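Worksheet: one structure, shown below.
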């Protein structure tokens, strides 16, 4: 096969995994639940008497499902591709692939194709549900085809970016962070084109604008150029990856390997020139006769230059996280990426505040993507700080050492915050920038900053908790990032349904309860996989509800309510996850079962 054995292995092994079928069933069930909930809301508000009523329902429903599917598909494709390549590096198996008979093209394209298999099957499983929307009317088959083509193209482009970044960077954290930055920057370019050139050009660049253009009956004129842009992104990223995969993954290690090889070869040559019975001394740097055996048998002597050893802190885990390259080389690239995000968001906010009538929705659009990307990056760093130890077979060494659970957990938590300091500080600085430009008052800016700090620490604790709870790295990363995405994207989708179909609280209660109850059950199943507790159960039940209240308060400009709700909800959830991580450390790490 042209894609090579990497893709062939994925095709052969994927059907054996139970998660493949579970993911498709869950995704299709969620879409059916959304359709059923929207139908119940509509039938409760008005009587369906004509084809026009069902047509309006179908058109509105498609405008809800299409963006949701786009977001999930793009994030899933990017995450799977990034984790797939990063795990090869963490487990030191990428070197084996590079020394095999695989062509660079087969390695890169095979990894890319293998990573989008599951996302492709999810999109295929969603076709029958979207066909139900087609039966309501108000939607044509070409519209559905355009929506799925836009989604598939955007997902493949995101996976291509993630694969290229994965081969480029050292660790999973760097790969996930830079991929998140690239996706946000892609969306930001579309919004800038909307501001300067209008919706036509924006639909050619941004996936979000393209999917809305595809929903229009005459959206074909802007649909084809977007496919051209995505094909260009896919071709460019894969071209760069194919021609640099060996330089990225061999040159850095090879440089040190060559030095070691030369050093060893010099020693071996020196030893090989000496007769048998000679020995190595470390007192001087010359060759002297061996007085004990034979004066004609010289002794090899060399000086060993020892540098001053660094002093380890009282908490060695925290020292290792901060003072060593535990998260790879050149992590400054991630920090520069977040500086660019801050500059873009600040420019949009400053431009809006210079107008006579600032558009607060534009300010919100400038803030939310960067905040969500920061939360995702902190979560990724926290969970990979644990999974990387497992993949390198170093976690068992930590467990048998004399480190206490407090030292290990707090060392990881504080180390994550220290390493990701730019990612943590930039959103807080943006809150101060909002105060400086007059977008919010000083009091509201303080509330927003405190609420953001609470969310960041929650994501830090969430990543460490999930990393300890799941032994498989891919599953741990998926659960932690999926939790963050659900708490914001899922709740935002519920709000969209309520606004689109409900005109009173009684009618809006159905979609609200559907998302809240379903989300609470899913959160509890994910967070209590190894050590269930009543506190985690209460946290899972409260988080979706209070997140809904916090998002509503943020959109209404009530910063105090946002801080209070976020402090109560995520403060309690943080304690519910942190206490078992320390108190039930043996259970979480597998050294003891929950029944002991």
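Some observations on this one:
- By average C-beta atoms within 10 angstrom, highest first, the peptides 11-21, 542-552: 542-552, 11-21
- Shape summary of the stretch 331-589, radius of gyration then Dmax from alpha carbon positions: 19.1, 64 Å.
- Per-pair calculated FRET efficiency, R0 = 51 Å: residue 322 and residue 104 via Cβ, rounded to 0.05: 0.90
- Cα centroid separation, the stretch 331-369 to the stretch 33-102 (Å): 27
- Residue 421-residue 120 pseudo-label distance in nm [points 7 Å out on the Cα-to-Cβ vector]: 4.6
- Computed lengthening from residue 18 to residue 247, 0.36 nm per intervening residue step minus Cα-Cα distance: 78.8 nm
- Approximate spin-label separation residue 335-residue 51, in nm, with each point projected 7 Å along Cα-to-Cβ: 6.4
- Applying 1/(1 + (r/R0)^6) with r as the Cβ-Cβ distance of residue 513 and residue 96 and R0 = 51 angstrom yields a FRET efficiency of 0.50.
- Two-site label geometry, residue 312 and residue 579: point separation in nm, points 7 Å out along Cα→Cβ: 3.2
- In terms of surrounding Cβ atoms within a 10 Å radius of their Cβ, 72, 381, 397 rank from fewest to most as 397, 72, 381.
- By the count of neighbouring beta-carbon atoms within 10 Å, fewest first, 29, 206, 480, 84 end up ordered 29, 84, 206, 480.
- Note on the stretch 157-218: the C-alpha convex hull projects to 4.6 nm² when averaged across all orientations.
FYI, it's all coordinate maths here, none of it is from the lab. Just so we're clear, the structure is a prediction, and the values are computed from it rather than from any experiment. Note that we place each Cβ from the backbone using ideal geometry, even for glycine, and neighbour counts take in every protein chain shown.
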